[in-house]
Amino acid sequence: MANTASALKNVRRIKTRTRQNNFWRAKIKAALKSLSKNADKNKAQELLQQVQSVLDKAAKRNVMHKNKASRLVSRVFRKV
């Protein structure tokens, strides 16, 4: 266990960041899965915008690197 006050603060900070990162990763995974399972072309266009938004927000919050988010958006656009 942590011995100093600053180490305890770091433990609290890490727990908060981990919780936030896991939330965004789950949101990304769900968005990509919903898009891949959808067969309707019109619905896929709507979901495409939502997926792009989720990926951009995750990159903005440093959950993933901005280039990775950009790469995933590009792949999804090509697939649809």
Matching residues, region 27-36, being touching a residue at least 12 places away in the same chain (Cβ under 8 Å) and under 12 Å from the mean Cα position of the chain (by Cα): 27, 28, 31, 32
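Counting only residues that are surrounded by 14 or more Cβ atoms within 10 Å (Cβ to Cβ) and in contact (Cβ under 8 Å) with a residue 12 or more places away in the chain, how many does region 37-69 have? Don't jump to the end; show me each part of the working.
Taking region 37-69 and keeping what is surrounded by 14 or more Cβ atoms within 10 Å (Cβ to Cβ), we get 38, 44, 47-48, 51-52, 54-59, 63-64, 69.
Then keep just the ones that are in contact (Cβ under 8 Å) with a residue 12 or more places away in the chain; that gives 44, 47-48, 51-52, 54-58, 63-64, 69.
The qualifying residues number 13.
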Tabulated pairs, region 4-21, first under 19 Å from residue 63 (Cβ atoms), second outside any helix (DSSP H, G or I) and not hydroxyl-bearing (Ser, Thr, Tyr), C-beta under 8 angstrom, 6+ apart or interchain: 20/61; 20/63; 21/63
In region 34-50, the residues that are of a type in the set (Gly, Ala, Ser) and under 13 Å from residue 76 (Cα atoms): 34, 36, 44
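Out of the residues in region 55-80 that are among the basic types (Lys, Arg) and in contact with a Leu (Cβ under 9 Å, 6 or more places away or on another chain), state the one that is farthest from residue 28 (Cα to Cα).
First pass over region 55-80, keeping only residues among the basic types (Lys, Arg): 57, 60-61, 66, 68, 71, 75, 78-79.
Of the ones still in play, those that are also in contact with a Leu (Cβ under 9 Å, 6 or more places away or on another chain) are 68, 79.
On the way: 68: 12, 79: 17 Å.
By that ranking, first place goes to 79.
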Residue satisfying all of: in region 38-79; β-branched (Val, Ile, Thr) and part of a helix (DSSP H, G or I); farthest from residue 20 (Cα to Cα) among these: 76
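What number of residues within region 1-33 satisfy the criterion of being farther than 12 Å from residue 73 by Cα, touching a helix residue (DSSP H, G or I) at 6+ places or on another chain (Cβ under 6 Å) and at pLDDT 90 or above?
2
The values are calculated or read from the model by the stated rules, or taken from the named source; none is laboratory data. Remember, predicted model here, so these are calculated numbers, not experimental data. Neighbour counts are summed over all protein chains in view; Cβ atoms, including those assigned to glycine, are modelled from backbone coordinates with ideal geometry.
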